1. Within segment 1-59, can you find the residues that are more than 19 Å from the chain's Cα centre (by Cα), in a helix (DSSP H, G or I) and hydroxyl-bearing (Ser, Thr, Tyr)?
2. Look through segment 152-162, keep the residues that are of a type outside the set (A, V, I, L, M, F, W, C) and modelled with pLDDT of 95 or more, and return whichever of them is surrounded by the fewest Cβ atoms within 10 Å (Cβ to Cβ).
3. Kindly state which strands (runs of 3 or more DSSP E) lie completely within segment 273-390 and contain at least 2 residues that are in contact with a Leu (Cβ under 9 Å, 6 or more places away or on another chain) and not assigned by TED's automatic domain parsing to the domain that holds residue 410.
4. Quick one: how many residues across segment 223-269 are assigned to a loop (DSSP other than H, G, I, E, B) and over 30 Å from residue 292 (Cα atoms)?
5. Here are the criteria: (1) without any contact (Cβ under 8 Å) to a residue 24 or more places away in the chain; (2) touching a helix residue (DSSP H, G or I) at 6+ places or on another chain (Cβ under 8 Å); (3) farther than 22 Å from residue 411 by Cα. Tell me which single one residue 204 does not satisfy.
6. Any chance segment 108-121 includes a residue that's free of Cβ contacts under 8 Å to residues at least 12 places away in the same chain, part of a helix (DSSP H, G or I) and either touching a Ser or Thr at 6+ places or on another chain (Cβ under 7 Å) or farther than 30 Å from residue 226 by Cα (or both)?
7. Name the single residue, out of those in segment 122-151 being assigned to a strand (DSSP E or B) and free of Cβ contacts under 8 Å to residues at least 40 places away in the same chain, that is surrounded by the most Cβ atoms within 10 Å (Cβ to Cβ).
Amino acid sequence: MLSASICTIGDEILIGQIVDTNSAAITRALGSLGIRCTRMISLPDDRAEIISLLKSELSAHDIVISTGGLGPTKDDITKDALAELSGSRKYRKDEAQEQIIYNILHSRGLEVLECNLRQALVPERCEVILNRKGTAPIMVFRFPKERFGHPATLYALPGVPFEATGALPDVLEDIRTHHTLEHITHRTLMTYGLAESALAQRIAAWEDTLPADMHLAYLPNPLTGVRLRLSVYGGTQEDAERRISGQIQALKPILGQDLYSEQDDTLEAVIGRLLREKELSLSVAESCTGGEIAHLITTVSGSSDYFLGSVTSYAVAVKEKVLGVPADTIDRFGIVSAEVAAAMAEGVRRLTGSGVSLATTGWAEGEGDGHEPGGTVWVGVAGPQGTRCRKFNYKNDRKRNIERFSASALDFLRRYIIEL
């Protein structure tokens, strides 16, 4: 199976000035071809270090993809380093890329400068894949077995994410042309309600029975829960999918309702499908989550089919006057309580006429109010099976608590709808 390394080049990444998004996109693209990425490295803008580390990566991998350092300014030194690495003694002009440079700059009303045209100059020992979205061409260097002990290919991509991802289809096609590929088959299961450690304990006996060539990964995320990824490297895709499906069928009864999707998914997308299936509409009343739940729901295309609207009832007066939460309920039980969450859910359902409704009230930070500590949220769901409430407590910062509150509320809603 082919192995790959991804190398991002630039001091701006190493000092945290920008976030590297290229590596994730490239890894996903390589995985679609059955190429396993075994390393990601960020390199500084230092010619000697670029050459040294790329040599090391080419010695250890079949394919190396670098991004960055190909711009028109003097601090963009990657091309010169690649020329030295490849043994190129001179540069040649790629006329097709030069024409693209003219077209792009003229379309933006910019003057074509000499530094721009220098981007069309490439080391003599490289092949060029045209960059149709930017000015720096994609350079391809093919090294024979004698150089690194095995045939190796280096693809040098621009660092601008729009350009790097735009070049990937052509890079993948070049890889298909020059390499024999094997399959990597992945299947993803989405779970919510169990921490990673608790999930691992529950499925330990099942995991112990997995074949040696089938790999399981745990990928936790506060908004989507713990993603389980089953992978088979090599073999035919049909056989791998059949075998993985068999393992999933054995796992489903163990997970029960904690499994919410058999594909890479989100809670809000699953809830949307459930609402459509049951021909139900939804409304939301939020306090501590401040509209985050409504935001998540409306990120799903077509959510207007089932989502009627929301009330962000942050102030006590809005809870009382808009949602109809009784003042004595708040006085008696506290603003963060099951009783207030239930009244909010019932109030927004009555207000909108929705089939089901969801409400949150909590303390995203601080010490709470004496009734409930900071990091506590009460979630209420109202619908055909009556009103149910549940408390969740998290010990994170304000932003992360709001995210966890929202995800927990959506999962509580999902479980309610399943039982209708």
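1. Of everything in segment 1-59, those that are more than 19 Å from the chain's Cα centre (by Cα), in a helix (DSSP H, G or I) and hydroxyl-bearing (Ser, Thr, Tyr) turn out to be 52, 56, 59.
2. Filtering segment 152-162 for residues that are of a type outside the set (A, V, I, L, M, F, W, C) and modelled with pLDDT of 95 or more, the one surrounded by the fewest Cβ atoms within 10 Å (Cβ to Cβ) comes out as 153.
3. none
4. Final tally of qualifying residues: 3.
5. (2)
6. Yes: one or more hits.
7. So, considering only residues that are assigned to a strand (DSSP E or B) and free of Cβ contacts under 8 Å to residues at least 40 places away in the same chain, the one surrounded by the most Cβ atoms within 10 Å (Cβ to Cβ) is 138.
Residue-wise test of (1) in contact with a helix residue (DSSP H, G or I) (Cβ under 8 Å, 6 or more places away or on another chain); (2) modelled with pLDDT under 95; (3) not hydroxyl-bearing (Ser, Thr, Tyr).
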{"position": "366", "(1), (2), (3)": "no, yes, yes"}
{"position": "379", "(1), (2), (3)": "yes, no, yes"}
{"position": "382", "(1), (2), (3)": "yes, no, yes"}
{"position": "396", "(1), (2), (3)": "yes, yes, yes"}
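The values are calculated or read from the model by the stated rules, or taken from the named source; none is laboratory data. This is a predicted model, so every value here is computed, not measured. Positions of Cβ are backbone-derived with ideal geometry, glycine not excepted, and every protein chain shown enters the neighbour counts.
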